[in-house]
Structure formats: structure tokens, C-alpha cells
Amino acid sequence: MSSNQGSSPIAQSSGPSDGLFRKPRDPSMAHRHYRTLRSLPDVCPKEPTGEGRALCDGPSVVADQHRWTVYNSKVNLPAALNDPRLAKRESDFFTKTWGLDFTETDVMPSFYLPNISREHFSSYLQETAQREKIHERCKNICPSKDDLSVPTITNNHDKARAELEQVPKIFMKPEFVLNDPATFNAVLPWSHFSVAGGKNSRDVASSRLLQEKLSHYLDVVEVSIARQISLRSEAFFHAMSSQHELQDRMRETADSVAKLRARTAAIDRVMCRGPLRALRDALTCNNCIKLHNKLKLMAAVHQTQPTVQLLLSTSEFVGALELIATTKEVLQQELQGIHSFRHLGSQLCEMERLIDKMMVADFSTYVQSDLNRPFEEDSQVLEKVTEQPAASGKDRLQSLVFGLLRQRKLDFLDIYSEEIVRAAKNVVRQCVVKSVSQISEIDADTVKFHEQMRLMTFHQWFDLLLDIFEHFILFLKRIKATLSVIRNVVLEVLDSSQSRRQADVSSATNHSDGRTNEDEEEEESGGGEAELAYLTHEGLFISDALNEVEQRSNAAAHAQTRAQTRTDTCGSDSASATTESSSSREHNSNTTSSLHIGGATAISEDVMPSDLELGRVANNVQELLYTASDVCHDRCIKVLMTRAKDGSLERLSSSEFVCLSQAVESFVSDTEELCGRRSVSLRGALQSQAYRFVQRFHEERKTKLSLLLDNERWKQAEVPAEFQDLVDSIADGRITLPERKSTGSEDRKPSEFLCVDGQKYAVIGTVLLLIRMFLEYCQCVNDIPSITTDILTRLADLLKHFNSRSCQLVLGAGALQVVGLKTITTRNLALVSRCLQLVIHYIPVIRAHFETRLQPKQYSILRHFGHITKDYNDHIAEISAKLVAIMDSMFEKALSKYEVKAPMPSACLRNVCKQMAKMHEAIHELLPEEQTQMLFLRINASFKLHLKRQLARLGVINDGGPQYGLVMVDVAFYSENVQALRTLECLDLNMPEIWEQKR
């Protein structure tokens, strides 16, 4: 494959068109341009990549046509490409020597070469078709010269073969080498010569014979070679003539190529070098601009650490974190691999961790300062937390919260929760210390903290409790204001995150649409031009070279716009998140702008927490307000329990406990309105104390009622004016105890009856006090709504106790032994009945009062009033039956001795009428008219029954006889006396019923 003087050119693939290179004629020039051979040329050179370093690697057909290069060297291709490391040889002759890394790929057809088909040779075939036919016909008709002398050639060939067979076969073997001793000995048999070293005649003859034999063999071979040459002489001469003709044509072609290269060099010198130099200068300028921007970016990054230190000195954590994040982004994207910044990334990470610790510590300090500051300050949010006059508390808090959210320190609310507990304890302690300092009877140095509250009087302790309530309300207001600022920051970050996501989606959609349209336009208009613009010089596209600067500037501008947009978004999220001094803000702005010039992108969106995490933090903020309310209630419960440990709260009077209950209820209502959630812990503690209070309250009144009943003589009592006013207030709908009047009530005389809704009630003193008692129960319900069910149960028990005890004392005659009454009179019975009726009158009023204060699900407890009403009615019915029974026994005793004889009216009926008059006199002032009439109707019925039985026993019938007439005289006397009684004038006695009906 090798040749001399570059007669076989090597095709190079450095460009779309191949060129022919020859060794330069001037050896000095070749030596001057010779380069050190680094590696063998690639069999399949790669396409140009457009990189700057590859611009001068390949030869230029125009510039290097007279210069010898390494590509002009000629070697044996299989020898150069043969790789002895290959264990397995491929069947392909060419690819088996291309090394281990060679991979067969389908070579795409070059679009610079036309696709040659059979139609391109159609004109040539048409021109030569006629001559080809004549040639074939002549070849068939005229035999060749060789064919005419076939016998001669055959004879000569046989003769030459016979002569060649005389030559030993050893000379024809491929492995014939005289260096081999065996071969040498076979060719030159030394055994025919003497070994003594002398030259006798025999040895001379043998050597001469051997020389002649070898000469003969040589002649035979030369004759055979000459014969073969003579047979093929015409082919040799034809080849030589063709070679000369080919050399002439090659010379003409070389001259044409030289002229073409000269013209191309002139075109390159005149038309191409200037534009290419301009293009190279543009690339150089662009590289200088890039280098300058890179240096400016490095200078800005170099100022990052001092700027961060300056921001941290003013506690501007958000600005420092933004600067660190931007710098890390620039280091990763723009300044990656720069040796001088190899440690800056780890230093920035360490500074970021330090900022995390500083923010947590600063937030803890802020919370402590906010929760423990004096309550005399009017502001709800801490105004100043540092010595800097420009740092307001709200902006400082917003900056801290935004920084903590940005660093995903979502547990900062736990710090706030712990500080709330400590601050709540401190509030109680300060209030106790302040109250104890104003009481000289308590020595705060010798008495324990819990004992100090027990040594106070109720009013002192109650003032302390009110002071604690007031401070806790202010405490919760401050917490709510602070948490409101935190929650607003979280919600703003959440809203901005959602808005940014929507904007990114819309911009991505618009960008993809615009990009599609732009690509379509480029395909329609500039596809062919891009192909034609490809240059062989340095493997670059003209369009790439001209548009590279513009594309880089557009990318930098786009990155700067995105960074500015996200910076604005972060600024809106933080809601004045940073409060920078003028110098630090200007420095930070300059640094950030320098970083943007370098092409750094904005901070990654995944720095901030996700929407789910932000929503959870917002909910935790609201829950923290509820927790603060619960903590305050728990501290108040401890104050209550400390006071109630020795039973002090159970021994309170009604008014004192009502004041306590109202204060607690007011505090709980205020906290519920402030925090927006109902709290039950403090109410539950008060409820347990209220249960004990109600139990003691009820036991006191029940004991008092029992004492009053045991000392009651069951006589009609006078009604003081204040009780009448009390009853009148109930009639007006006020179920409360009226305020005691110092004047006016003493001047009014007491009345005999209690007027209720136009009716007069004769009452005993115990009933008046009972009315006041159940009004006290109702008043407790008004003041302490939480004890409604307990009070209702106790009031029902009190009413039942009054009913049962009065029944035992009057109907059961217990008053005879307890009070020492001689007898239970009808007046006593009527008075008890009237008192029971008075209580029954107020039971519906009491029921309605309690019903308005009960939940619908608690209405079942009102059944106690129905049972009480039934018991009272049963008791009244028993009293009425008792009165009738008293008269019935008198009628039975008196009428059993009745006789029908003169004189009339009889003494028996005179006695009966006298007893009836006494009965009427005893009860008619106590009982109302209707009840008196009903009672005497029952007494009259009993009288008629006993009289009818006596007449039947005597055998007197209504036959109009003398005895009938005497009986009618007594009956008329009885009727006149009964109807003469007051309120009984119209009473229908129906006396004919005393006679037996005739059958």
C-alpha cells in the first residue's frame, strides 16, 4: 500500500469536501512545518463539534495545500492498524485490524455527494453499445493469435515441464532457506569431497560437476521464465503503454488541481480571511466579556462572607440566608471547579447552620421578652427587642418566622408553648407576691407560697383572683396578637407559593406554545440556510458563531428576571421580613445584582416548606392559642384548689360564692371570646366546688327547715310586709330575692294573711321562711347556671322534706311529743292544708324558672316537680279526709242515740248543729269558700248516711205518719242551721236522701 513521492493521496474527512495532499517540494519548508506525531490519524474522524479548541486540529485544503503535515505520511494500513491484543480475528479484512474500541455503525450517506444511480451511466452505455456489439462479433469470428498456435504452445509447454521436472523439488519448496544446515547439506553434498583438507583431482571434478549441475538448473529456470515472458510480452507492453498514458493524464490532473488550489487560495486570501478574522475577533471579544463577567461574579462571591457577617451583626437573618442560598447556587452552576472557592461551599453550609442556631436562640429570647414584659405596656406586640431604634418588634418577629420557615425549623412553636407555661406560672407568682406585700399580717419570708393564699381572707383572696384573671386576659391578648402575626406570615407564604405555582404553570404553557411556533418558523424559513452556512474553517456554523453572544445575553437576562421575580415574591411573603440598615441593605443589593449578572438562577422553590406543611403550621398556631387558654385555666384551677384544700370555699356564704362563680364565669367567657373555643377545665373545677357548696347550702337550709318545723306550734302567723313584697315580686315575674330596704318596711304593720294572686293564705311562719328558701335556690341558679341540676334536685328534696315532716307532725300527731301540743285541732289541719296549697301554687312558677335554664335534654329532671305536686295533693286530700273523719266519728256517736220523740228539735240534732258550727268557725277563715263548701258537702253526706242508718234501725219511713213529721222537724232544724253558716247559704243539702227508696 505504500508508494513513493506521494503518488497515492490520502483522503481526509475534516470537512464536508475531501482534499488531496502531497508532500511539499521544499524539504526545508517540510521541516519547518513538521509537527510531533502524537497518535495515528483516526480512520473515521469525528464531525466537528464547534468547540474552540478543535478549530485548528484539522488541515485546511486552502491554507495548507503547500505544507507537509502528518497526514502526508504513508504507511501500510493493515500493519498500522493491526492490534496483536485481539484474541479473535474478525472475518472482515478491514475491521479486524481496527482495535478493541471500534464499533461497527451504519454510516449515514453524505448529503454533499449525489446519489449515483444507473441513469447517470445511461448516455455512456448508449454511446458504447454499438462498439461493444461489434467487438463481441469480431471476437467470435476472428480467433486470437494464441489460439492458432495451440499445438506449438502445447508441445513447448510439455517440453518445458519435462525440463523443470529435472530440477530437484527442494528448490521449489516455500521453506527453501540456505541458512538451514539440512537444506545446505542437501544442496551441497559435502560427502563427495575429501575431508582431509587437501584438494585432489577428484574433489575438483566433483565441485565442477556440481557447479555445472546448478548452472543447468538455473538455465532451465531462466528459459522457463523467458518463455513465460515471451508468451505475455504483449500484455506487458500494453501495461507499460497504459502506465505512460496514465502518468500523462495524472500530470494534467495535478496541474489542474494546482491551478484550482491557487485560485482557491486567492479566494481564501481575498474573500474569506477577513470575515473569518472578524468572526474570530467577535468570539474573542465574547470570551473576554465572559471572562470579565466571571471575574466580577467571583469578586461578588468573594464579598459574600463579609456581607453575611454584616447582616448577622444586625440580626438580618433572612437577608443572610438569601445571600447564602444565592451564593451556593452560583457556586454550583457558574463557578463550579474554581480552585480558590473549593472551601467556600462548606463554609457557607457552616454559616447556615450557625444562622439556624442564632434564629432559634433569637426567637426564644423574643418570646421570653414578649411574655415576661410588664403588663403596664399598652402595646400587644413587643415593640423593641434590640437596642437598634429602627428594629420594631412586629417586623423582627415576621423576619424570624420567615427565616425559620425558610430553614424548615417548623418546631419553633414548641419553644413558644414552653415559654407560655413558664410565663403563666410567673404571672401567678407575681400577682401573689404583689398581694402579699400589701398584707401586713402575712410574712412572705416565713410562710410558704401556697400557705400565703390560705392565710388571706376571702375578700383579699378574691381580689387576688380578680387580679390574676385580669393579668391572664392581657396575657392571652398578647399571645393572640403575636400568634396572629405568625399566622399571617405563614398564610402569606402559603398564598405566594400557590400563586407562584400557578404563574409557573401558565408561563410554561405559554413558553411551550411560543417555542413550538418559533421552531416551525425556523424549519420553514431557515432550514436550508443553516446547512449552507456550515464552514470548513474550524468546524463552526456561521449562525452559531454570530448568535452565540446574543443567546448568552438572553439567557443571562432571563435568569436575572426570574431571580428578580422570586426575590419580589419572597419579599411579599415575608411581609417586611427584613429590617436592614441602610449600609447593609445597599451592600446586599450590590452583591445580589452582581450575582445575577453572572447568570445565577433564583433560589430553588423547594427551599420553603410544602403547602401541606404550611397548612399544618397554621393549624398549630391556632391550636397554640387554645393551649395558651388551657394553660391559663390550669393555673387558675391551681389557685382555686390551693384555696379549697382546707375547705374554705365550701364555707363561703351564698353571696360570696356567687361572686366567685360570676368572676370565674366572666373570665371563662372572656377567654372563650378571645380564643374562639369553649374551655371546660376551669368550669369543671368550679363545678366541683359548686357541688360541695350546693351540698352545704342545702344541708344548712334543710337543717334550718327541720328545726323550724320541730319548733312550729302550727298556729296562724302574721305576715311581715317584706314577705308580702317578696310574694308580690314573684307575681311580677321576678324570681329573685329583693334587696333589703333599710327604711319603709318597718313602718308597715304585718297582715294576718298572705295575699297571692288575689287569694288570702293563712300561713305558718315556717312556710314564709320556706318561700324565702326556695327563692334563694332560684337565686343561686340565676347566679350560678352551672349548678342548675344540682340545685333543682336539692330543692325538690327540700320540698319533699317539708311535706313529709309536716305530715308526720300534724297528721301523724308528732307535734304532740315534739312541741308539746295537747291535741291536733281542725284548725291546725286546715292551716297545714292551706300552707301546702300555697307551696303547690309556687311549684309551677319554680318549674318554669328552672326550665328556662335547662338544656332540652335535661328536661327529664323536671319530673320531680310532678311527683312533688302529687305528694302535696295527696297530703291535702288526706287532711280533708281527716277533717271529714273527725265529723264522721262525731255523727256516728251522736246519731246512734237519736230517738224520734218530742220535744223537737231533738237534743241530738242540737248537738250536731253545734259541732258543725264549731267546725265552720275553725276553718272558714283559713280555707277558701269553694274548699269550705266542698268539705261541708262531704260532711253533710256523712251526716245523711248515719241518719239514714239510724232511721232504718228505728223503722221510721216516709209514710206521712207522726214519726215522719218529727224527723222532718229535726231535718228542717239541721238544714236551717247549716245554711245559716257563712258561705254555705246556697249549699244544696239534698236531705230527702235520708229515706229509703220504696221498691
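The values are calculated or read from the model by the stated rules, or taken from the named source; none is laboratory data. Small disclaimer: the values here were computed from a predicted structure and weren't measured. Here the Cβ is made from the backbone with ideal geometry for all residues, glycine too, and neighbour counts use every protein chain on show. Please note that ligands, DNA and RNA were not included when accessible areas were found on the heavy atoms of the full protein model with its side chains. Shrake-Rupley method; radii C 1.70, N 1.55, O 1.52, S 1.80 Å.
One decimal place: the segment residue 346-residue 713 gains 122.0 nm when fully extended, by the rule 0.36 nm per residue minus the C-alpha distance. Dividing the mean sequence gap of close Cα pairs (under 8 Å, 6+ apart) by how many residues region 611-749 holds gives a relative contact order of 23 percent.
Within the assembled protein chains, the solvent-accessible surface assigned to residue 704 is about 100 Å², based on a 1.4 Å probe. Taking 7 Å steps out from each Cα toward its Cβ at residue 873 and residue 457 produces label points 5.2 nm apart. Of the trypsin sites (Lys or Arg not before Pro) in region 231-296, the ones in a loop by DSSP (not H, G, I, E or B) with at most 16 other beta carbons within 10 Å are 232.
Select from region 863-907 those trypsin sites (Lys or Arg not before Pro) which occupy a DSSP coil region and have at most 14 other Cβ atoms within 10 Å, ordered by residue number.
Working: sites: 863, 870, 882, 893, 897, 901; in loops: 897, 901.
When the trypsin sites (Lys or Arg not before Pro) of region 863-907 are filtered for loop state and at most 14 Cβ neighbours within 10 Å, 897, 901 remain.
Near residue 761, the amide H atoms lying under 5 Å from its own belong to 754, 755, 756; only residues 5 or more places off or on other chains count, and H is placed 1.01 Å from N. Summing Lys and Arg as +1 and Asp and Glu as -1 over all other residues whose Cβ lies under 13 Å from the Cβ of residue 792 gives a net charge of +2. For the modelled label position 7 Å from the Cα of residue 188 along Cα-to-Cβ, which residues of region 199-229 have backbone nitrogen atoms closer than 12 Å? Only 207, 211 pass the distance filter. Extending 7 Å from the Cα toward the beta-carbon at both residue 201 and residue 120 defines two label points whose distance is 8.3 nm. Seen from residue 421, the other residues with C-beta closer than 14 Å to its C-beta sum to a net charge of 0, counting Lys and Arg as +1 and Asp and Glu as -1. Run the paramagnetic zone check for residue 853: 7 angstrom along Cα to Cβ, then residues of region 703-736 with backbone nitrogen under 15 Å. Of the residues in region 703-736, 734-736 have backbone N under 15 Å from the label point off residue 853. Using θ = phi - 60° in the Karplus curve 6.51 cos²θ - 1.76 cosθ + 1.60, the 3J(HN,Hα) couplings for region 684-700 round to x, 5, 5, 5, 5, 5, 5, 4, 5, 5, 5, 4, 5, 4, 5, 5, 4 Hz; x is entered for Gly and Pro.
Can you give the FRET efficiency to the nearest 0.05 for residue 217 and residue 139, using r as the Cβ-Cβ distance and R₀ = 51 Å? All intermediate terms of the calculation are to be shown ahead of the outcome.
Working: r = 41 Å, r/R0 = 0.80.
Computed FRET efficiency for residue 217 and residue 139: 0.80.
Residues of region 974-989 with the amide nitrogen closer than 14 Å to a label point 7 Å from the Cα of residue 921, along Cα-to-Cβ, please. In region 974-989, the label zone of residue 921 (backbone N under 14 Å from the point 7 Å along Cα→Cβ) covers 981-982. Max-minus-min Cα coordinates of region 821-909 on each principal axis give 74, 26, 19 Å, with the largest extent listed first.
Given a cut-off of 25 Å, name the pairs among 918/944; 760/944; 480/857; 893/914; 480/638; 893/944 whose C-alpha atoms lie farther apart than that in the structure shown. Write out the running numbers ahead of the final one.
Numbers: 918/944 19 Å; 760/944 32 Å; 480/857 35 Å; 893/914 14 Å; 480/638 23 Å; 893/944 14 Å.
Correct reply: 760/944; 480/857.
Note on residue 499 and residue 158: the extension gain reaches 112.2 nm, defined as 0.36 nm multiplied by sequence separation minus the Cα-Cα distance. Estimated from the Cβ-Cβ distance and a Förster radius of 22 angstrom, the FRET efficiency linking residue 231 and residue 167 is about 0.65.
3J(HN,Hα) along region 798-813: 5, 5, 5, 5, 4, 5, 5, 5, 5, 5, 5, 6, 9, 5, x, 6 Hz, from the Karplus curve 6.51 cos²θ - 1.76 cosθ + 1.60 with θ = phi - 60°, whole Hz, x for Gly and Pro.
Got a number for carbon plus sulfur as a percent of region 641-764's accessible area, 1.4 Å probe? Can you show the working numbers first?
Values: 3190 of 6720 Å².
Carbon with sulfur: 47 percent of the solvent-accessible area.
Anything over 23 Å Cα to Cα? Flag those among 704/822; 425/477; 357/425, in the order listed.
Numbers: 704/822 25 Å; 425/477 17 Å; 357/425 27 Å.
In this structure, 704/822; 357/425 lie more than 23 Å apart at Cα.
Suppose R0 equals 56 Å; then what is the FRET efficiency for residue 976 and residue 755 from their Cβ-Cβ distance, rounded to the nearest 0.05?
Details: r = 34 Å, r/R0 = 0.61.
Plugging the Cβ-Cβ distance into 1/(1 + (r/R0)^6) gives 0.95.
When each of the peptides 327-335, 628-636 is scored by how many other beta carbons lie within 10 Å of its residues on average, the order from highest to lowest is 628-636, 327-335.
Across region 625-641, computed HN-Hα scalar couplings (Karplus, 6.51 cos²θ - 1.76 cosθ + 1.60, θ = phi - 60°) run 5, 4, 5, 4, 4, 5, 5, 4, 5, 5, 5, 5, 4, 5, 5, 5, 5 Hz from first to last residue, x flagging Gly and Pro.
Given a 1.4 angstrom probe, I'd like the percentage of the accessible area of region 789-900 that is carbon and sulfur, rounded to a whole number.
Details: 2590 of 4920 Å².
Percent of accessible area from carbon and sulfur atoms in region 789-900: 53.
Under a Cβ-only charge scheme (Lys and Arg +1, Asp and Glu -1), can you give me the dipole magnitude of region 214-325 about the Cα centre, in debye to the nearest 20? So the dipole magnitude of region 214-325 works out to roughly 560 debye.
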